[in-house]
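Q: Here it is, the structure, as structure tokens.
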Amino acid sequence: MELARILRRLVTREAADALPEADGELLDQLELSYDEDTVSTCEAVGAPVVQDDPGWESRVVDEFAESDVDMELEEFLELRKAEPDCERCPHASPYSLYPMDACEFSAGALEVVLTDAELRTQAARPMDPDAMRAYAAALDAALAQGHLRQSDALPVQDYVEQAARFLRFWADRGFGILPGDIDEIVNYAEPSDPGRRDEDEGPSPTYH
């Protein structure tokens, strides 16, 4: 979990072009070690890859036409065909903040719809599989007891049910979660960046 935290900080700084060269070398080494010593979510669930789709070539050609990549089409096809096909993965999260990452769950709304203060706080904490199952059970109880605030922004009951499902699903496969705070990203942004959040808005965790 600590290695994942370090990697996230380094990746965030790299994305903001604020990573010293020496730390860039460290990031490369840590990412390699992490990949070698862990099982990816896609591997754990046997997620489909792009070339499993009978019409994959047509899809990827269209994708290439709309992209701005510096490579030839044949190279792009070769690269994409073995990559996970998140669009067709049956385990993709319906509430992912970033559509490109199907294994995320945008948990920020839990801090809005839950009436219990402790459950709201717990939503932003790292959890191992046992803690994930316990929190999923607590979400089930909140649903059963009606301890929720309704929202015009999303279907609250389905959202909380899907959050509990997400936690159990990945806990049963041995994964923990390390909530990502959007502020960790936008704190590196320029003040004029339209994606920057106000400091008093509070965290908006995403489960990974």
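The values are calculated or read from the model by the stated rules, or taken from the named source; none is laboratory data. Since the structure is predicted, the reported quantities are computational estimates derived from the model, not experimental observations. FYI the Cβ positions are ideal-geometry reconstructions off the backbone, even for glycines, and counts take in every protein chain you see. Surface accessibility is based on the protein's heavy atoms, side chains included, excluding ligands, DNA and RNA. Shrake-Rupley method; radii C 1.70, N 1.55, O 1.52, S 1.80 Å.
Q: Return the carbon/sulfur percentage of the accessible area of region 1-109, one whole number, probe 1.4 Å, all protein chains in place.
A: Values: 3620 of 7190 Å².
It is 50 percent, rounded to a whole number.
Q: For region 1-142, what class follows from the C-alpha gyration tensor (a ≥ b ≥ c being the square roots of its eigenvalues): rounded when a/c is under 1.5, otherwise prolate if a/b is larger than b/c, else oblate? Write out the running numbers ahead of the final one.
A: Details: a/c = 2.11, a/b = 1.39, b/c = 1.51.
Oblate, since a/c reaches 1.5 and b/c is not below a/b.
Q: Oh, and also: Of GLU66, GLU36, which has the most accessible area and how do the rest follow, probe 1.4 Å?
A: Ranking GLU66, GLU36 by accessible area, largest first, yields GLU66, GLU36.
Q: Find out how many positive minus negative residues lie around ASP85, taking Lys and Arg as positive, Asp and Glu as negative, among other residues whose Cβ is under 10 Å from that of ASP85.
A: For residues surrounding ASP85, the net value is 0.
Q: Testing the spin-label approximation: label points 7 Å from Cα along Cα→Cβ at LEU73 and GLN145. State their distance in nm.
A: Distance between the two pseudo-spin positions: 6.0 nm.
Q: How far apart, in nm, are the 7 Å Cα→Cβ label points at ALA137 and ALA22?
A: The two pseudo-label positions are separated by 4.8 nm.
Q: Among residues other than VAL45 whose Cβ falls under 14 Å from its Cβ, what is the net charge (Lys/Arg +1, Asp/Glu -1)?
A: Net charge in that neighbourhood comes out at 0.
Q: How much accessible surface area, in Å² rounded to 10, belongs to the heavy atoms of SER67 with a 1.4 Å probe?
A: About 50 Å², ignoring ligands and nucleic acids.
Q: Write down the radius of gyration of region 62-135 and its Dmax, each obtained from C-alpha positions, in Å.
A: 18.3, 54
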